[in-house]
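Everything on this sheet refers to the single structure shown next.
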Amino acid sequence: MSNRQPGIFSTSCNLNAGLFFFVAILFFSLPSYGQSYFYFETKIAPPNSSEISLYSFVILQPDGTAKVRIRSADNSLVEQTMADSVLADQSISGGLKYLVSSDDPTIYSSGAASEYKLRFIFKRQPDSTDVYYVPLKTEYEGKDQKWQDASTVYSQEKTYTDLIKQSDFVKIFFNEDDDFYKYLFDERLRAVHATRKEKLFLITIANTNDEKIGITSKRDFDDINSLFTTLASNLGMKLISTKIMGNDFNKKNVYLSIDNLKKQKPSPIDIVIFYYSGHGFRFSNDTSLYPRMSLRTNPDQDIDKNNLSVEDVYKQILKLGARVNIVLTDCCNQDIGANSPVGRTVLRTRGGGYNATAESLNMANCNALFFSKQPVSIIASSAEKDQLATGNPALGGFFTYYFKGLLEKSLYSYDKSSSWLRLLLDTREKARWQALSAVCGAGRCVQLAEVKVDPQQ
């Protein structure tokens, strides 16, 4: 455990004097799948001890990890890093996911909050279009190391908009010098962005008509387009977008998209992004580490005539000389005909979300990633040689899901990560872990993204 001296946070708040009068019932908003914020007030009754009230503020990330600050009535305060129990057997657990401690807590001031370990249980809640999770209960670990039910007094999901109107509530858990507090309230961070000279060229391709992966690829397609369309708008950048999906999905149209990009002649300050979601494969004599994109519209078409090498596309884009060149593919990298395994969903909620606006852009990270003086080129595919790419219809491909979540976290939160290499390696690790929830042959799926960032940041 790490300890910090009391006094970093105000200790004048009296938690028993009604500071939580404004806490209402749990509510849900439209899906956005960014950060979600929860407030829980719980009571625990340890044997031979008085009843203890604990107040928890949870920042849940789209990858199922969380930062939790817990206060008690004696003004003790701890911060706990938590993670989704991704490999839990849902058939046994009844669709439950446990947000459990993944590291030793940071103790800001000792007392009741530091003496008891909590875990938060969420229940699977499918609807007609998606799957998400809602809070069910909180448990605490007793002195006998067995989990006991805590009594829930209040449970509320909060949005970014709620929090920026509730500074007194936020101060219960955060000091004004904390990064999260400044993210919410520091007007100095809310710069007005002038229209930029740079242009963003975006080519997105997805095999959305395929009966096996069409739903997953459509989710990927929508997520990537939403991510970069929003970013271009927030930055005042001109977006030149080419979308190939549905009945437009074929090799001819992909060729045309690349030819048109060449004719548009991106300048040395521009950004070029090429993204593909669909079937991928490799021939036995392929030497590239990266797969081929299968551009067949039906299995009877000649695969030799209906594919493109990911690495060849990357080399063509590099020749255009833009400042930022990104080629991303979410597809298998194994023999043609292999089925894409389906893994489990992530602990995510229907509400919450990053405040993806121009005012909330983390410009330090944005500048480092997209406007650095030194050009950067990236090629990344979701699976290494002879591996399958995993996903889930509710999430899309795991590689794409985590890439989007981590990039949004860098762009629209108080996160200080600003390295493409670090972001992609984190994406690789999170997708690898989630892929273990899928079955490949007689065992769990092993999926490691193939990533190259030049120069390494």
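The values are calculated or read from the model by the stated rules, or taken from the named source; none is laboratory data. Only a predicted model underlies this, so the values are computations on that prediction, with no experimental measurement involved. As a convention, Cβ positions derive from the backbone with ideal geometry for all residues, glycine included, and neighbour counts pool all protein chains shown.
Per-structure values
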quantity	calculated
Selected residue (criterion: modelled with the lowest pLDDT) from residues of the stretch 124-144 that are more than 20 Å from the chain's Cα centre (by Cα) and of a type in the set (Lys, Arg)	Lys143
Contacts under 6 angstrom Cβ, first residue in the stretch 379-395 being in the same structural domain as Ile317 (by TED's automatic domain parsing) and at pLDDT below 95, partner buried (at least 22 other Cβ atoms within 10 Å of the Cβ) and among the polar types (S, T, N, Q), 6 or more apart	Asn392/Thr345; Pro393/Thr216; Ala394/Thr345
Gln90, sole failed condition from (1) out of contact with any Gly (no Cβ under 7 Å at 6 or more places or on another chain); (2) among the polar types (S, T, N, Q); (3) under 20 Å from Ser413 (Cα atoms); (4) modelled with pLDDT under 85	(3)
Count of the stretch 24-73 residues which are at pLDDT below 95 and acidic (Asp, Glu)	2
Wholly enclosed helices (runs of 4 or more DSSP H) of the stretch 100-185 bearing at least 2 residues assigned by TED's automatic domain parsing to the domain that holds Ser36	112-115, 160-163, 167-171
Criterion: aromatic (Phe, Trp, Tyr) and either surrounded by 17 or more Cβ atoms within 10 Å (Cβ to Cβ) or under 27 Å from the mean Cα position of the chain (by Cα) (or both) - qualifying residue of Tyr181, Tyr154	Tyr181
Hits in the stretch 206-261 - residues which are of a type in the set (D, E, K, R), surrounded by fewer than 20 Cβ atoms within 10 Å (Cβ to Cβ) and not in a helix (DSSP H, G or I)	Glu211, Lys212, Lys238, Lys243
Test: Ile269 is among the hydrophobic types (A, V, I, L, M, F, W, C), more than 24 Å from the chain's Cα centre (by Cα) and not in a helix (DSSP H, G or I)	yes
